[in-house]
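Just so it is clear, none of the values below were taken in a lab; they were calculated from the coordinates. Treat the numbers as computed from the prediction; the structure is a model and nothing was measured. Here the Cβ is made from the backbone with ideal geometry for all residues, glycine too, and neighbour counts use every protein chain on show.
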Amino acid sequence: MCHRIGNDFNTWIWKDPWIPNKPGFIPQARSGAIDNVHLVADLIDQDTRQWDRGKLSNLFKPATMNRILNIHLCHQLLGDQVFWCLTSSGEFSVKSAYKTIRSSNTQTHPLLQAQDWKQLWKIEANAKLKNLLWKISWNILPTCTALNNRFPLPSLDCYLCNNAPKSLEHLFLQCDWVTQIWLMAPWPINLSNLSNLSILDWVKIILYPKTNLGLDDDSAKEFQLYSLLVCDQIWFFRNKARVEGSKSNPIELARQIRHVFEEHKQAWSKLPRRSPKIIIWQPPPNSWVKLNFDAAIREEKISVAVVGRDDLGKLLMAWAEQLDLGNSLLGEAKAAWWAIKCAAMKGYRNIILEGDALNVINLLKNANYVPHWSIKSIYDDILYLSKSFVNVSFSFVNRENNVPAHLLAQWAAFISWSGPIPISILPLSVMKALDRDGFRAKPCCISPVCVEE
Ligand SMILES: [Zn+2]
């Protein structure tokens, strides 16, 4: 449970849980700090509704201070609330509590990490093939060596070559059958030269063929598919030989694998690929302002940028701001909040807020969506601010059509710019992107001469 900071002045600094993402949620004072402040409200400058950085840096270590600075302070009057931070909505659910208790007991792999598993499940191959690779990675295939650890088996010799004990390494890397199959592969590999290769080394080669074998995108995908099929067929034949006692020969098996590989490859190539949609930036209607926003996430901060244009595509304002560190969701939400704040300061009446963060835009467009608890107060603030306009609408664009805001956020991060940006100092890259989006003629005008205006 964690407190969301509003204006109630009833959250205690040292007793209540109130800092999300901090273990225990309760901060500790840095050693030697004088803690004569007791309420979280004492850490906030109530006039500006900003965290009092001086007090924070006196009281807390930098990591805790950064977590506090990440807490968005609402400008409207809202009470402190309690929320459950194990669900994205902040509402308690038994499922989330159960999952957390379970996850603290789950085993972690000694060598493969979260990103490796992600890579594994991303491979373009049947789930069955990926499952096999997963089992190989965890060493949970019922090989004779594994079974022999539980109950003694009469023989441990490989069912295929009869030459060596059937460990995973032997079966998938060292067996004569496998070495011959790989010599006949579309990417011939001489496995007998790689006798020190462990099965996990091999799994890593399959996961990252681009870096490990220097393959290009397409070949890397094909290599992954082929490797998985080799594993699958070897395992299938090994089981067949075990049960039926019959076997063909490695060359025959290599041909068969090649055949299956071509079939799978064809099946995958028939899947529709996403073709990039060509949409160009659309100006807002007459008397409206469109504000494109974006965030650049850096290790130590978030830089947000807003670009406002009218119905002719003319630049009305550019603004950038440096905010305290956070993740991309927080960054994009803050960028949206900053955009609407800029529009309010400028006194625009009809606005379109446009960004390339689908999760944030969807949230703002749909009243039914529940915001993630970490951006709940930013979301509330945006809705609160939106009441001060005649019309507000939210629009999603893909990245390619949000280039000026994107480049501006990058540039502002680089030079740590905060505040309005005069057109005269806008970087060339942003000017070019604005040009590319185009100044447009009034819709009623069809004469090519007017386009030049
Ligand atoms: Zn063998």
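Quick one: pull the percentage of alpha-carbon pairs in region 2-103 with a separation above 17 Å. Percentage above 17 Å: 54. Measuring nothing but alpha carbons in region 96-149 and taking Rh as the Kirkwood radius, the Rg to Rh ratio lands at 1.06. Its alpha carbons give region 165-223 an Rg and a Dmax of 11.6, 37 Å.
Legend: P(r) of region 258-362 from all alpha carbon pair distances, 5 Å bins from 0, whole percents, reading 2, 12, 18, 16, 14, 10, 7, 5, 6, 5, 4, 2, 1, 0. Diagonalise the Cα gyration tensor of region 315-396 and give the resulting equivalent ellipsoid semi-axes, square root of 5 times each eigenvalue, largest first, whole Å. Output for region 315-396: semi-axes of 19, 16, 11 Å. Rounded to two decimals, the Cα radius of gyration of region 208-299 over 2.2 N^0.38 Å is 1.99.
Applying 1/(1 + (r/R0)^6) with R0 = 25 Å to the Cβ-Cβ distance of S395 and N286 gives a FRET efficiency near 0.90.
Over region 2-103, Cα pairs under 8 Å with separation of 6+ residues give a relative contact order of 33 percent. Given region 289-448 reduced to its alpha-carbon atoms as identical point scatterers, what log10 I(q)/I(0) does the Debye formula return at q = 0.13, 0.16, 0.21 Å⁻¹? So the normalised log intensities work out to -0.57, -0.86, -1.43. Neighbour counting of Cβ atoms within 10 Å sorts the residues H75, H170, fewest neighbours leading, into H75, H170.
The calculated 222 nm mean residue ellipticity attributable to helices in the chain amounts to -12500 deg cm²/dmol, summing -39500 (n - 2.57) over DSSP H runs of n ≥ 4 and dividing by all residues.
Projecting the alpha carbon convex hull of region 87-227 along each direction and taking the average yields 11.8 nm². Evaluate E = 1/(1 + (r/R0)^6) for H75 and D116, where r is the Cβ-Cβ distance and R0 equals 25 Å; express this FRET efficiency to the nearest 0.05. Efficiency for this residue pair is about 0.05.
Inter-label distance, I415 to Y98: 5.6 nm, where each label sits 7 Å from its Cα along the C-beta direction. Annotation: average projected area of the chain is 31.3 square nanometres, based on the convex hull of Cα atoms across all directions.
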